[in-house]
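Below is one structure, written out as structure tokens; comments come after it.
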Amino acid sequence: MGLLYELIVDTEAGTTTIQIEANSKEEALENGQELYPGCRLALVNPEPGEQKS
């Protein structure tokens, strides 16, 4: 199981935050780009202790 990452997504309609479970920050960004193609993304690193078990 991966870590829970937060992505800030800047769309034409505004800015939103989503949560994505991924094994790495690269995977989280790739998944965000697939969900929101053409939008700007900012990754928020998971805090220690926020790992899903």
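Enumerate the calculated ³J(HN,Hα) couplings along segment 10-22 in order (Karplus 6.51 cos²θ - 1.76 cosθ + 1.60, θ = phi - 60°), each rounded to whole Hz, writing x wherever the residue is Gly or Pro.
9, 10, 5, 7, x, 10, 9, 10, 10, 10, 9, 8, 8
Which residues does a label at L43 reach in segment 1-18, if reach means a backbone N under 15 Å from a point 7 Å past the Cα toward the Cβ?
2-9, 18
Please report the net charge: other residues with Cβ closer than 14 Å to the Cβ of P37, K and R +1, D and E -1. Numbers along the way, then the final one.
Values: positive: R40; negative: D10, E12, E30, E34.
Cβ neighbours under 14 Å give a net charge of -3.
If you stretched the chain out fully between E26 and L4, how much longer would it get, using 0.36 nm times the residue separation minus the C-alpha to C-alpha distance?
Working: separation 22, 0.36 × 22 = 7.92 nm, distance 1.28 nm.
Roughly 6.6 nm would be gained on extension.
Just check segment 1-40 against the gyration tensor rule for me: Cα atoms, a ≥ b ≥ c as the square roots of the eigenvalues, rounded for a/c under 1.5, and otherwise prolate or oblate depending on whether a/b exceeds b/c. If you can, show how the numbers build up before the last one.
On the way: a/c = 3.23, a/b = 1.86, b/c = 1.74.
In terms of gyration-tensor shape, prolate.
Every number here is computed from the coordinates shown, using simple stated rules; none is lab data. Fair warning: this is a prediction, and the values are worked out from it, not measured in the lab. Ideal geometry is used to build each Cβ from the backbone, glycine not excepted, and the neighbour counts take in all protein chains shown.
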